[in-house]
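Novice: I have a structure here, written as structure tokens, and I will follow up with some questions on it.
Read-outs: derived from the displayed coordinates by stated rules, not from any lab. This one's a predicted model, so the numbers in the text were calculated from it and none came from an experiment. Virtual Cβ from ideal backbone geometry, glycine too; neighbours counted across all protein chains shown.
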Amino acid sequence: MDYSIILGKYYLNYSWSCGENYESLEWYDETLAKPTQEHLESLWNDVLKDNMRGERNQLLKDCDCTVLPDYPSTNKEAWLAYRRELRNLPETWSESNPAFPTPPI
């Protein structure tokens, strides 16, 4: 887990410095208490999901043309199934199994 990414995304307007682990996090801001390690870990899961969605959205854009009526493909059903798997990915994705579906050939 990269604490600086989490802090940079969710605590940008607060004063802090961070090393490689929670113990190295120095919290200087007096308007907000230092976030707990558990809270930052839950935010890390949100960061990972946001990154997954960004990559998934790009994969969908990259294969949009494959389902157009005039796209020359003998594998249209496979492309439709692949795109369905990509659209369902937020419900099936987990940090422990971050695999993306494989596009058809």
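Novice: What number, in percent, do you get for the relative contact order of segment 53-105 if the mean sequence gap of Cα pairs under 8 Å and at least 6 apart is divided by its residue count? All intermediate terms of the calculation are to be shown ahead of the outcome.
Specialist: Details: 28 pairs, mean separation 19.0, N = 53.
Result for segment 53-105 is 36 percent.
Novice: Quick check on the exposure proxy: order ILE5, ILE105 from fewest to most C-beta atoms within 10 angstrom. Working shown, then result.
Specialist: On the way: ILE5 14, ILE105 5.
The most exposed by this proxy come first: ILE105, ILE5.
Novice: Hey, which lysines would be in cross-link range of LYS9, C-alpha to C-alpha under 16 Å, not counting anything within fewer than 8 residues on its own chain?
Specialist: Output for LYS9: LYS34, LYS49.
Novice: Hey, rough spin-label estimate for GLU91 and TRP27, points 7 angstrom out along Cα→Cβ, what's it come to in nanometres?
Specialist: Roughly 3.7 nm, to one decimal.
Novice: Which semi-axes, in whole Å and largest first, does the equivalent ellipsoid of segment 40-84 have when worked out from the alpha carbon gyration tensor as the square roots of 5 times its eigenvalues? Mind showing how you got there, number by number?
Specialist: Values: eigenvalues 201, 17, 5 Å².
That gives 32, 9, 5 Å for the three semi-axes.
Novice: State to the nearest 20 debye the size of the charge dipole of segment 53-105 about its Cα centre, where the only charges are +1 on K and R beta carbons and -1 on D and E beta carbons.
Specialist: Numbers: 7 positive and 8 negative charges, 16 e Å.
Computed charge dipole of segment 53-105: roughly 80 debye.
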